[in-house]
1. For the chain, what does -39500 (n - 2.57) per DSSP helix run (n ≥ 4), summed and divided by total residues, give at 222 nm, in deg cm²/dmol to the nearest 500?
2. With a cut-off of 8 Å between alpha carbons and a minimum separation of six or more residues, what is the relative contact order of the chain in percent?
3. Mind checking the full-extension length gain between residue 94 and residue 509? Use 0.36 nm per residue of separation minus the Cα-Cα distance, one decimal, nm.
4. My understanding is that a pair violates if its Cα-Cα distance is over 31 Å; which of 51/520; 509/572; 145/362; 362/504; 460/572; 51/500 do that in this structure?
5. Subtracting the Cα-Cα distance from 0.36 nm times the residue separation, let me have the gained length for residue 430 to residue 28 in nm, one decimal.
6. Given a Förster distance of 22 Å, report the FRET efficiency between residue 549 and residue 570 from their Cβ-Cβ distance, rounded to the nearest 0.05.
7. Explain nothing, just the number: relative contact order of segment 1-123, from Cα pairs under 8 Å at least 6 residues apart, as a whole percent.
8. Counting only residues 5 or more places away or on other chains, whose amide H sits under 5 Å from the amide H of residue 555 once H atoms are built in the peptide plane?
Amino acid sequence: MCGLSGEMRFDGGRPDLAAVVRMSDRLAARGPDGQGTWSHGAVALGHRRLKIIDLSERGAQPMTDAGQEITGVFNGCIYNYAELRAELQALGHRFRSTSDTEVVLNAYRQWGTSCVDRFLGMFAFALVEHRTGRLVLGRDRLGIKPLYLAQTPGRLRFASSLPALLAGGGVDTSLDPVAVHQYLSWHATVAAPRTVLAGVRKLPPATVRVVEPDGTHQDHRYWQPSYTRRPEHAGMSPSEWRDAVLDALRTAIRRRMVADVPVGVLLSGGLDSSLIVALLAEEGQRDLATFSVGFESEGGDAGDEFAYSDLIAEQFATDHHQLVVPSERVSTALDAAVAAMSEPMMSHDVVAFHLLSEQVAKNVKVVQSGQGADEVFAGYHWYPRLAAVPREEEPERYADTYFDRSHADLAAMLQPHMLPPDDVSGRFVRAHMAVPGAETALDAALRLDTHVMLVDDPVKRVDNMTMDWGLEARVPFLDHELVELAAACPPELKLADGGKGVLKEAGRKLLPHEVVDRPKGYFPVPAITHMAGPVLERVREALHAPEARRRGLFKDAYLAELLADPDRHRTKRGANALWQVALLEIWLQTHGI
C-alpha cells in the first residue's frame with residue numbers, strides 16, 4: 001500500500017519541498033486516500049496513502065512517534081504488526097493509532113536497524129532520527145516493495161517509483177550500458193542496484209541503508225537463506241515434506257488476510273492461485289472474491305484459461321469475476337501499462353495485469369496472488385536441465401538455458417557506444433553462483449532466480465500494475481519462512497512430476513486433478529505474442545520516432561531485419577525480439593526520456 005518519497009541534503013541546504021510534492025503527486029495512484037509532507041532540517045518526506053490498516057486519520061503519514069524522536073514514511077504491510085504492537089507496549093512504548101506504520105517507528109526506537117528481523121511482511125520505509133539527522137532506508141527480504149534512489153553531489157532523493165523521481169527533476173537520464181546488456185540478456189530483468197538509467201538506482205532487497213548527514217552510508221544485508229540441506233530436516237519423508245510445505249503455505253496465506261478491508265484473490269486457474277483459494281476456503285472464508293482475465297484468440301492461440309478458473313470458483317463457491325478483453329483494447333491499454341512501469345517490462349502479461357487490476361480495484365483494495373511459486377519450487381521447464389550438470393558448469397549451462405541472447409548477439413544488435421567491453425551479464429551470473437551457500441547446481445540456479453530474477457521481473461510487474469489502480473497485491477509464496485523451507489527442500493522433491501513436485505503433492509490433497517496435472521499455463525496475450533495490427537503499428541511508431549533516432553541504441557540493419565518480418569525473430573527463450581527491443585524504446589519515450 002502507499003507511495004513514499006523524500007529528499008536529504010548533504011550540502012547544508014534545505015530540501016526542495018516542491019520537488020518532494022511533485023514526486024508525491026506522481027505517486028497518487030499508489031495512494032489515492034490521503035497525502036502528506038514533512039520537513040525538518042536537511043530532510044523532507046512525502047507520502048500518498050492507501051488505507052488498508054487503521055482507516056482513520058490517526059494512520060496518516062508522514063508519521064512521528066509519540067516520543068517525538070522518529071518521523072517516517074512506510075509502504076507495504078507488516079502482517080504481524082498486532083503481535084509486535086503488544087510486545088512494544090509491554091516494553092513501555094505508547095501508541096496513538098492502530099496502524100502498522102506506528103509499529104515500524106516504535107520497533108526502530110526499540111531495536112534499531114535490527115527491527116527488520118522481526119517484521120513479517122512486505123515493506124519499504126524511510127525513517128529520520130530527529131536528534132542525529134540520520135536517514136534510515138529499508139526494504140523487505142524479497143524486494144516486493146520498491147525503493148528507487150537518485151543521488152547527486154549534495155543530495156539524495158528516493159521514491160516508490162522511478163517515474164516519481166523523474167517528476168522531481170534533476171535526474172541523469174543517460175542509459176546505463178551494463179543495465180541495457182542485462183535487459184537484453186535476461187528477458188528485460190535489470191538486477192539491483194542498477195536500472196536502465198545511469199542516474200537512478202534501487203535499494204537491493206533485504207537491505208537496510210543508514211545515511212549519515214554528510215552523505216556517507218552503510219548497507220546491511222539482513223537476510224539470505226542457505227540453499228543447503230539442514231540438519232533439522234534430516235530423515236523427512238516426501239509426505240512429511242509435503243505436509244510441511246502445506247502448513248507453511250497455510251500460515252503464509254493466513255497472515256496475508258490481515259486488513260481492515262476485504263481481501264480477494266487473483267485466480268488464474270493454475271496450481272498456485274488455486275491453492276490460495278482452497279486454503280482460504282479451508283480457513284472458513286465464504287464468498288471470497290476471485291478475479292480472472294482472458295483475451296480474444298489470435299493466430300490460433302487461445303486467449304484465456306477460464307475452464308480451470310471456473311472449476312476452482314465453482315468448487316469453492318467463490319464470488320467470481322471474469323474479465324474478457326477484446327484485442328483492440330490491448331493496443332489502447334498498452335501505453336497506460338507502460339506509463340505504470342517503473343522500469344521497462346516486456347512480459348506479455350503486463351498489459352493483462354494492468355487491465356485486470358483496473359477491474360479488481362473496483363471491488364476490493366487487497367488481493368492475494370500466486371507469483372513466485374515457480375522460482376521458489378522449481379516449476380520452470382529449464383530446471384531439470386540445470387540440475388543435471390556439475391556445480392562448476394552451472395553458470396555456462398544457466399546462460400545457455402536462461403539468457404535471451406549471447407554477448408556476441410548483442411554486439412550485432414547494439415551501437416558500439418552501448419556495448420560494454422565484455423559479457424557483463426554472464427560475469428554477474430558467474431559471481432552470484434560462486435557465492436557459498438548453494439549445495440547443488442539447482443540450488444545455485446534457484447537462489448539466483450528467487451533473489452534476483454524474480455524480484456526484478458514478476459514481483460515488480462505485479463506491484464507496478466496493481467498499485468497503478470490503488471490495489472495492493474500480496475504474494476504468500478514469497479513469505480520468507482516458506483522460502484527458507486523451500487530452499488532447504490531436497491532438489492529431487494521440487495523437480496518431481498515435471499517441476500513443483502512437492503507443491504503438486506500438496507495440491508492433490510485439496511484440488512481437482514484437472515488443475516494439479518494440467519500443462520503449465522501463462523497469461524496469454526495473443527495480440528502481443530504475434531505482433532498483431534495496432535500493437536505492431538505502435539512498435540513501428542516508437543522505433544521510427546525522432547527520439548529513437550537521436551538515441552541510436554540499435555544498429556539500423558538489425559532494426560530493419562526485425563521490422564521486415566515482425567513475427568519471425570525470436571530470442572533463445574522464444575520471446576519476440578522486436579517486442580523486447582521496441583518496449584525499451586516505448587518506455588523511454590513514454591517517460592519523456
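The values are calculated or read from the model by the stated rules, or taken from the named source; none is laboratory data. Small disclaimer: the values here were computed from a predicted structure and weren't measured. Don't worry about glycine lacking a Cβ; one is built from the backbone with ideal geometry, like all the others, and counts go over all protein chains shown. Surface areas here come from the heavy atoms of the whole protein model, side chains and all, with no ligands, DNA or RNA. Shrake-Rupley method; radii C 1.70, N 1.55, O 1.52, S 1.80 Å.
1. -11500 deg cm²/dmol
2. So the answer I get is 16 percent.
3. Gain on extension, residue 94 to residue 509, equals 144.8 nm.
4. Pairs exceeding 31 Å: 51/520; 509/572; 362/504; 51/500.
5. 140.7 nm
6. E(calc), rounded to 0.05, equals 0.30.
7. Answer for segment 1-123 is 23 percent.
8. The list, which skips near neighbours in sequence, is 414, 415.
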